[in-house]
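> Got a structure for you, written out below as structure tokens; questions coming shortly.
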Amino acid sequence: MSEIWFRTGEATVLATEGQATDAMPEVLIGSVKGPAGHAFAAMMGQAVGHTRMFVIRDLNQLVRPATMMTTKVTIDSAAYVELLGGVVQGAIGDAVLDCVIDGVLPKGEVDDICLIIMVWLDPRCASDPNLDKVDLYRTNYEATKLAIARAMKGEPTIDELIANRKTVKHYALDGIVEY
């Protein structure tokens, strides 16, 4: 049984100028026999507007460890589904596999752990005629690798969070809350 029981991570990688391709995945990694595995199995059904799918790298290429992705935004168009199940899914699959190759995820445990990744895909991407799919891939690939690494390292640590409590604030609070 895996020593990896319940780890979480997140990351944000910003788009190039003029694109809405920011990536902000949130990751849960854990044993298939623990709470992460139970959550993974419970996601096998669908929820209206929030498609859940296994992460594949291409047809017949299910990534290991088993990874499920779902959206943080309600899906309302076929174009959105195509981007999510295409470029974004491919980027996430490549990132998960590269985390195994790089030793961030233990190769010997790929059948004992699972990942759940909540994906941000800006709804504007689906209707943008100038969408840069290369940038969409880049941001999702980089952010997924970073989120997985942070989950496996337990970053940020509680000491880091305490140390920056008065110097780092949520971007939406700028000008609202003073420290």
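> How big is the gap, in Å, between the Cα center of the range 122-179 and the Cα center of the range 27-105?
That distance is 19 Å.
> Just from its helices, what would the mean residue ellipticity at 222 nm be for the chain, if runs of 4 or more DSSP H residues each count -39500 (n - 2.57) and the sum is divided by every residue, rounded to the nearest 500 deg cm²/dmol?
-9000 deg cm²/dmol
> Something else now. If I take all pairs of Cα atoms in the range 1-95, what percentage of them are more than 23 Å from each other?
Considering the range 1-95, 28 percent of its Cα-Cα pairs are separated by more than 23 Å.
> Taking a cut-off of 20 Å between Cα atoms, list the lysines near Lys133, but don't count ones fewer than 8 places away on the same chain.
Cross-link targets: Lys72, Lys145.
> Now, a different point. Where both partners of a DSSP beta bridge lie in the range 7-173, what percent of those bridges are antiparallel, to the nearest 5?
75
> I would also like to ask the following. Based on the Cα atoms of the range 58-145, what semi-axes does the equivalent ellipsoid have, where each is the square root of 5 times one gyration tensor eigenvalue, given in whole Å with the largest first?
Computed over the range 58-145, the values are 25, 13, 10 Å.
> Ok, one more. For a quick check: sort Leu14, Leu83 by the number of other beta carbons within 10 angstrom, fewest at the front.
Ascending Cβ contact count within 10 Å gives the list Leu14, Leu83.
> Over the range 7-173, what is the relative contact order in whole percent, taking alpha-carbon pairs under 8 Å and six or more residues apart?
In percent, rounded to a whole number, it is 37.
> If neighbour count is taken as other Cβ atoms inside 10 Å, put Thr71, Thr8 in order from fewest to most.
Least to most surrounded, the residues fall as Thr8, Thr71.
> So, one more: Roughly how compact is the chain, stated as its Cα Rg over 2.2 N^0.38 Å to two decimals?
1.06
> If you don't mind, another one. Just to be sure I understand the model, the point goes 7 Å from the Cα along the line to the Cβ. What's the resulting Ser77 to Ile56 distance in nm?
2.5
> Among Glu82, Glu17, Glu26, which one shows the biggest mean-square fluctuation in a GNM of the chain, springs joining Cα atoms closer than 10 Å?
Of Glu82, Glu17, Glu26, the most mobile in the Gaussian network model is Glu17.
> Taking trypsin sites (Lys or Arg not before Pro) that fall in a DSSP loop and have at most 15 other Cβ atoms within 10 Å as cut points, what is the longest piece of the chain between them?
After excluding every exposed loop site, the longest remaining stretch is 73-164.
> Okay, moving on. Place a +1 charge on the Cβ of each Lys and Arg in the chain and a -1 charge on the Cβ of each Asp and Glu, then give the dipole magnitude about the Cα centre in debye, rounded to the nearest 20.
400
> Along the charge dipole of the range 7-173, pointing to its positive end and built from +1/-1 on Cβ of Lys, Arg, Asp and Glu, which listed residue (Ala11, Leu121, Ala36) has its Cα farthest out?
So the residue furthest toward the plus end is Ala36.
> Under the Karplus relation 6.51 cos²θ - 1.76 cosθ + 1.60, θ = phi - 60°, what is the ordered set of whole-Hz ³J(HN,Hα) values for the range 9-24, x standing for Gly and Pro?
Karplus values, whole Hz, x for Gly and Pro: x, 8, 7, 10, 10, 7, 6, 6, 3, x, 10, 10, 9, 3, 10, 9.
Read-outs: derived from the displayed coordinates by stated rules, not from any lab. Keep in mind that this is a model prediction, so the values were computed, not measured. Note: ideal-geometry Cβ built from the backbone for every residue, glycine included; neighbour counts use all protein chains shown.
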